[in-house]
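Chemist: Below is the structure I would like to discuss, written out as structure tokens.
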Amino acid sequence: MNQPELTRCFHCGEVVPNGTHFTAEIDGNTERLCCPGCQAVATLIAGSGLTTFYRQRTAYSERPESPREAPADEFSVYDDENLARGFCHDREDGSRDAQLLIGGITCAACTWLIETQLARLDGVIQVRVNLQQQRLDLHFDPAKLDLSEVFQRVSSLGYRPQPYRASALRDQFSAERKQSLRRVAVAGIGMMQVGMFGIALHAGDLQGISAEFQGLLRWVSLLVASFVVWYSARPFFESAWRHLRVGALVMDLPVSLAIGLAWLASVVATLSGHGQVYFDSVVMFTFFLLLGRFLEQQVRMRYGMSWFDLESTLPDSLLRWENEQWRRTVRTELAVGDRVMLLAGDVIGVDARVVSGHSLVREDSFNGEQQPRRVASGDMVYGGTLNVDQNIEATVLCDFAESRLATLQRSVSQAQDAKPRLATLADKISSWFVAAVLLVTLLTALSWWYLDPDRALWVALSVLVISCPCALALATPAALTSATNSLQGFGIIVRGENALESLAATTDLVFDKTGTLTRGELLVGEVHNLGRLSREELLALASGLQQFSNHPVAQAFANIEPVMGLQSATSETGAGIEATHGERSVRMGSLPFCRGLLPEMPEPPDAESYWVAVCDDRGPLGWIGLKDTIREEAPAVIDALRQRGLGIHLLTGDSSDAGPRLAQQLAITSVTASASPEQKMQEVQALQADGAIVTMVGDGLNDAPVLKVANASFAMPGATDLARSQADLVIANGDLWSIIRGLDKAQQCRRTIMQNFAWALSYNACGIPLAVLGFVPPWAAAIGMSLSSLLVVLNSLRLSRDGDGHHDREKRRSPNSLTPINKLAS
């Protein structure tokens, strides 16, 4: 008796229970649904005009929970600022970035549905869903949109939103790796077992074997190979079918056809007792293909895993000065301005400024440099670095979300989202290549069916196997991942992989001045004594006065021992500081401010410095000249870039003659001073209009627009958040030699990608004709295809090596070259 056909839910695919009558109108048709939850979601999708989702999906959605009363109450907790701080980041313009982990995403149609639905919410600026990491990146205006509304809208679509935690990503990576290892292990064990049976069968064909033993070996091989195909090769079939349903041709299609047809033909031969079986070729092909993909997966994950949970590397608690004693406090409870003790031998837990003591700090977590940096009062230290020498006291500058470590983490996450143009090109080539392979395979099968029907299937399988475009698909991502990982070891954070493509083709470099070619810090230069104090006494007095100021000038005196006994200090904004020292009044600041106390204060020296006057009520004491000093490595770096034939330009907003003087010192002929952000953009766009590929290096708030306009851009470590957000690469170690490293690595990466493309295409150009002519059996084609993919991966891994010998030779050869500054600029 025939069983009645089961009705499946249009939304989730589960069986519709008898007696239920849940329906929804989808594209003019009444569709059956299994529960109120599916009905609510389907009705919402249809009512929003998003029924394209059902036509594009490649898998059923998860069954949602039934709707409840006031679902927003469940998510209102995420409107709490303290909780939101864990997965949100505020931008300088007042907008906010949030990351959510979305459960239940099964295909690209799911990402389209979520993005389209959220984009309609008032206050959403940009929304993007990462299918691979199941992560929702949302840029929104918190004044117009509450997070609870975002959670509610995603939940109403039948997905499971929660704050994105790095630990969840770690679990996902770990689960993927374990699953891949299991599939490779099953295929490897199966290959060894079926391989032994295959040797016995082939030997029996040559020397003779009884029919019952031949049949037994074939049946055992069938059982083992079938399990390998069902378990280990399943991802190939699922991927091929999922893409085929939406009209996309991917490399898993010929792979699935080769495995499926070879297995099916061998099953027929086993059941009928006639013909050859190729179970050994099936499992061998599966094993080598899985092994190649597993190695590629490890290369891809290695970079992501190295930065995925940076906060977990920080200590859980620190010593805080509280109620006249040091108390151990949970790190997350520290507030800006708290005084903390950073112990020798411990990882520094916060970004802070040293206020007492001196020590050595290893910062290789940022820049790969093993040589520690000496820090003292006034210097900044960063969470994630190691205090290796002595205890120091410091004041907390920000929480983790605003720290340099968190900024790097966000940059890495953003880089993983962008798909490089070269990778997109490879995808297009692969799609056309798959179509061509299927056509060639069909023609080959028809030709051999006419010439030798017994060999037609196996020759066609060899063509399918040997032509698998795995190497072509791996050519770009493997190289980009290795190059990005290598640059990270040099302290260069790549925020967008398209930057490497533009960087490799750079013809002109444009530099900002302050904080880029110069330190961006005022230091004491010339000192002109005018009275009874020596140079040391004058500087000590100035240092004592600047203790009462938060003006940037005060930083120039941070490492000078101050004079004691100053009292009743007052400051005048933009003018200077006055205090009493003993029985006399002392002033330090501008000339008009000092002449208010001492009218006969002379004019400053006619020299190239920023001059600060010092006087008391008895007479002038002196002029102290401050300078923004050039970075020690800048002349050598500029010279090295010029020797490479690159055009060098200087753009600065400084209205003084400091820009032209610096350009003359560095032999830069193209210089524009007093440039506004708009003028900087126009200068770069003019270069681009003349055919130049421009790389910009800057750090200031006014550099953010031009960093975005340039083909590629570097942000210095002291850059504002806005400048870092617009730059393609961030130099975390403050060393201008990183520009040379970046150029070298980008060019090496491009050469490697071209080598990978050349090898992949040449391999197929040679292998396919041989397979078509019948000279390559399926097992040999499987080995050749896998070795081709492995060669591409190994060639790309060469980018992870230091490969910086040329850079080091340039540093040694340059007469102006000094040891690069590895200190992170404050």
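Chemist: Report the extension gain between V355 and A435 in nm, rounded to one decimal, defined as 0.36 nm multiplied by the number of residues separating them, less their alpha carbon distance.
Modeler: 22.1 nm
Chemist: Also, I was wondering about something else. Label E14 and R642 with points 7 Å out from Cα along Cα→Cβ: what is the distance between them in nm?
Modeler: My value for the distance between the label points is 7.3 nm.
Chemist: For the range 603-671, what % of the accessible area comes from carbon and sulfur atoms, probe 1.4 Å? Don't jump to the answer; show the numbers that get you there.
Modeler: Numbers: 1310 of 2910 Å².
About 45 percent, which is the carbon plus sulfur part of the accessible surface.
Chemist: Can you give me the long-range amide H partners of Y164? Hydrogens built in the peptide plane at 1.01 Å from N, cutoff under 5 Å, separation of 5 or more residues or another chain.
Modeler: Those qualifying (amide H under 5 Å, at least 5 residues apart or on another chain) are Q99, L100, L101.
Chemist: Then there's this: Distance between Cα centroids, the range 84-104 to the range 524-543: provide it in whole Å.
Modeler: 51
Chemist: Quick one: how many Å² of W112 are accessible to a 1.4 Å probe, rounded to 10?
Modeler: 80
Chemist: Can you give the net charge of the other residues whose Cβ lies under 12 Å from the Cβ of N529, counting K and R as +1 and D and E as -1?
Modeler: Residues close to N529 contribute a combined charge of -1.
Chemist: Order 218-229, 139-150 from most to least packed using the mean count of other Cβ atoms within 10 Å.
Modeler: On the way: 218-229: 19.8, 139-150: 17.8.
Ranking, from highest mean packing down: 218-229, 139-150.
Chemist: I need the phi-derived Karplus couplings for the range 278-291: 6.51 cos²θ - 1.76 cosθ + 1.60, θ = phi - 60°, integer Hz, Gly and Pro marked x.
Modeler: 10, 4, 5, 5, 4, 6, 5, 4, 4, 5, 5, 5, 5, 5
Chemist: Round to the nearest 0.05 the FRET efficiency obtained for L121 and R85 when R0 = 25 Å and r is the Cβ-Cβ distance.
Modeler: Step by step, r from the Cβ atoms, then E = 0.70.
Chemist: Amide H neighbours of R373 under 5 Å, counting only residues 5+ apart in sequence or on other chains, H built in-plane at 1.01 Å?
Modeler: When sequence neighbours closer than 5 places are left aside, the close amide H contacts are V361, R362, E363.
Chemist: Need the full-extension length gain, L244 to Q685, defined as separation in residues times 0.36 nm minus the C-alpha distance. One decimal, nm. Before the final figure, lay out each step's value.
Modeler: Working: separation 441, 0.36 × 441 = 158.76 nm, distance 4.35 nm.
Once the chain is fully extended between L244 and Q685, it gains 154.4 nm.
Chemist: A further question on this structure: Shape call for the range 628-696 from the C-alpha gyration tensor, a ≥ b ≥ c root eigenvalues: rounded (a/c under 1.5), prolate (a/b greater than b/c) or oblate?
Modeler: The shape class here is oblate.
Chemist: Just to confirm my numbers, what's the Cα centroid distance between the range 568-610 and the range 730-772 in Å?
Modeler: Result: 60 Å between the Cα centres.
Chemist: Next question, about the same structure. Exceeding 32 Å between C-alpha atoms, which entries from my cross-link table qualify? They are K144/K708; K627/K745; K708/K745.
Modeler: Result: K627/K745 exceed 32 Å.
Chemist: Per residue, how many Å² of accessible area does the range 568-615 show with a 1.4 Å probe?
Modeler: Per-residue accessible area for the range 568-615 comes out at 52 Å².
Chemist: Something else now. Assuming a ≥ b ≥ c are the square roots of the Cα gyration tensor eigenvalues, decide whether the range 546-688 counts as rounded (a/c under 1.5), prolate (otherwise, with a/b larger than b/c) or oblate.
Modeler: Prolate shape, in that a/c is at least 1.5 and a/b is the bigger ratio.
Chemist: If you stretched the chain out fully between S585 and D389, how much longer would it get, using 0.36 nm times the residue separation minus the C-alpha to C-alpha distance?
Modeler: Numbers: separation 196, 0.36 × 196 = 70.56 nm, distance 4.13 nm.
Full extension from S585 to D389 adds 66.4 nm.
Chemist: What do you reckon, how do W623, W458 stack up by accessible area (1.4 Å probe), largest on top? Intermediate results must be reported in sequence, preceding the final value.
Modeler: Values: W623 5, W458 35 Å².
Order by accessible area, largest first: W458, W623.
Chemist: Sorted by accessible area with a 1.4 angstrom probe, largest first, how do M380, M601, M192 fall?
Modeler: If we order M380, M601, M192 from most to least accessible, we get M192, M380, M601.
Chemist: At a 1.4 Å probe radius, carbon and sulfur cover how many percent of the accessible area of the range 483-555?
Modeler: Ligands and nucleic acids excluded, carbon and sulfur reach 49 percent.
The values are calculated or read from the model by the stated rules, or taken from the named source; none is laboratory data. Note that the structure is a prediction, hence the values are computed from the model and not measured. Cβ coordinates were reconstructed from backbone atoms using ideal geometry, including for glycine residues, and neighbour counts include every protein chain displayed. Note: accessible area is taken over every heavy atom of the protein model, side chains too, but ligands, DNA and RNA are not part of it. Shrake-Rupley method; radii C 1.70, N 1.55, O 1.52, S 1.80 Å.
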